[in-house]
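Below is one structure, written out as structure tokens; the observations come after it.
Every read-out reported here was derived from the displayed coordinates using simple, explicitly stated rules and does not represent laboratory data. The structure presented is a predicted model; accordingly, all values stated were derived computationally and were not measured. Every residue, glycine as well, gets a Cβ built from its backbone with ideal geometry; the counts of neighbours run over all protein chains shown.
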Number of protein chains: 2
Amino acid sequence: MHFTKERIDALEKHTRTHLINSLSGFKSANLIGTQDLQGNTNLSIVSSVIHLGANPPLVGMIVRPHSVPRHTFENIIQTGMYTINQVNKSIYKQAHQTSARYDKDESEFDATGLTPEFLNNFTAPFVKESRLKYSVKFIEHQHLAINGTELVIGEIIDVYVDEAALQSDGFLDLQAIETVAITGLDSYHTSNKLVRLPYARK
Amino acid sequence: MHFTKERIDALEKHTRTHLINSLSGFKSANLIGTQDLQGNTNLSIVSSVIHLGANPPLVGMIVRPHSVPRHTFENIIQTGMYTINQVNKSIYKQAHQTSARYDKDESEFDATGLTPEFLNNFTAPFVKESRLKYSVKFIEHQHLAINGTELVIGEIIDVYVDEAALQSDGFLDLQAIETVAITGLDSYHTSNKLVRLPYARK
């Protein structure tokens with residue numbers, strides 16, 4: 001099947017959104033935990049978290065400030081702190097539900113039944129049910145003028161991981177802790193490991 | 001298990017790289033096809049391709065200009081054209097092998113046995129064995145000064161997809177075409193679909 005640019009442009013809006021969202025491949029599924037200066041907690045599912053570098057340890061995500069994660073973005077700018085919590089098979093339905101349009105004074109923790117957890121004096125809430133999570137210190141955001149999104153960059157501080165994932169060389173087995181992946185806007189997947197491949201040489 | 005920032009900083013370099021690369025969750029697996037002005041083809045596996053928006057249809061990726069994908073970045077800047085080809089279960093070993101340090105006049109197509117394919121007069125090569133691939137027009141790159149990487153942004157032009165993936169609402173079933181996902185630096189996974197969830201409402 002060949003979709004030309006003209007055909008893509010002519011697609012009904014939701015159809016185009018589903019199609020284009022499917023093109024990048026599997027996406028990470030993470031819950032971003034924040035708190036505003038008044039102590040209101042917020043939780044939002046984000047499928048755009050991306051590794052930026054290991055030294056220093058940096059993580060990025062793309063947010064659309066005027067759509068549902070807007071409270072997340074505001075809280076990060078206000079407080080400089082957030083948590084990233086991998087979504088697993090036991091909580092993906094609750095995680096997805098955080099994408100509904102709750103008001104700022106309604107906590108997605110209360111609305112979905114996920115449990116806020118405060119660790120090591122960090123002021124943003126973790127998700128207790130997540131088996132791999134970390135605190136992040138906001139560093140900067142870069143505005144992508146082309147479509148009004150923001151690349152939010154943060155430094156990874158403390159990592160909390162279920163021992164079941166830990167391998168001797170530092171690799172974390174996400175399958176062992178049932179981390180899920182997303183395709184498109186709304187499809188959730190567990191994984192089957194094929195193999196770890198050695199460093200490629202000519 | 002709790003890894004404090006101090007403990008992470010003190011990890012042996014490769015261990016830290018594996019650990020930090022595991023934190024973002026599942027990553028997409030894509031081959032980037034380019035050609036230089038002399039007609040040398042290049043192919044490199046990238047795990048950082050990310051959806052940026054559907055309207056206009058934009059795709060991003062993080063590249064490290066001074067590491068292996070440097071020829072890819074140079075070719076994109078020179079020619080303004082590239083292809084993105086999803087990696088599937090039949091070709092993931094060859095795809096991984098493209099990460100070896102081939103010289104600029106050695107094509108990763110020849111080195112790995114993947115087949116270059118030119119479609120619809122687009123000047124960058126596609127991977128014939130990929131079941132979901134698209135041509136991309138380079139728009140801009142944003143330099144991330146914090147670690148010397150580049151966010152490369154392009155516009156999706158023509159999409160070629162195996163009919164087996166196509167659903168009536170535009171969603172593409174990546175599991176049906178055996179697209180793989182990556183965790184960490186080197187682990188490849190197929191997927192098991194859990195469910196597609198409806199748009200979340202309060």
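Data table
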read-out	value
Scan of region B:34-51 for residues that are touching a residue at least 24 places away in the same chain (Cβ under 8 Å) and either hydrophobic (A, V, I, L, M, F, W, C) or under 25 Å from A:GLY148 (Cβ atoms) (or both), ordered by number	B:LEU37, B:LEU43, B:ILE45, B:VAL46, B:VAL49
Residue, nearest to the chain's Cα centre (by Cα), within region A:163-181, restricted to residues that are over 27 Å from B:PRO198 (Cα atoms) and within 7 Å of chain B (Cβ to nearest Cβ)	A:LEU172
In region B:7-40, the residues that are hydroxyl-bearing (Ser, Thr, Tyr) and touching a strand residue (DSSP E or B) at 6+ places or on another chain (Cβ under 9 Å)	B:THR17, B:SER22, B:SER24, B:SER28, B:THR34
Residue list for region A:52-96, restricted to those being without any contact (Cβ under 8 Å) to a residue 40 or more places away in the chain, within 8 Å of chain B (Cβ to nearest Cβ), outside any helix (DSSP H, G or I) and surrounded by fewer than 20 Cβ atoms within 10 Å (Cβ to Cβ)	A:ASN55
Check on A:LEU43, in a strand (DSSP E or B), more than 28 Å from B:ASN88 (Cα to Cα), in contact with a helix residue (DSSP H, G or I) (Cβ under 8 Å, 6 or more places away or on another chain) and of a type outside the set (Ser, Thr, Tyr)	yes
Residue match in region B:150-162 (condition: β-branched (Val, Ile, Thr) and more than 7 Å from chain A (Cβ to nearest Cβ))	yes
Residues (of a type in the set (A, V, I, L, M, F, W, C), in a loop (DSSP other than H, G, I, E, B) and within 12 Å of chain B (Cβ to nearest Cβ)) located in region A:97-114	A:ALA100
Condition met for A:GLY184 (buried (at least 18 other Cβ atoms within 10 Å of the Cβ), free of Cβ contacts under 8 Å to residues at least 40 places away in the same chain and either farther than 15 Å from A:ASN85 by Cα or within 7 Å of another protein chain (Cβ to nearest Cβ) (or both))	no
Count of residues meeting criterion [buried (at least 21 other Cβ atoms within 10 Å of the Cβ) and within 16 Å of the chain's Cα centre (by Cα)] in region B:98-108	3
Whichever residue in region B:160-181 is touching a Gly at 6+ places or on another chain (Cβ under 9 Å) and aliphatic (A, V, I, L, M) and, among such residues, is farthest from B:LEU31 (Cα to Cα)	B:LEU172
Selection from region B:1-13 of residues that are at the interface with another protein chain (Cβ under 7 Å from one of its Cβ atoms) and not in a loop (DSSP other than H, G, I, E, B)	B:HIS2, B:PHE3, B:LYS5, B:ILE8
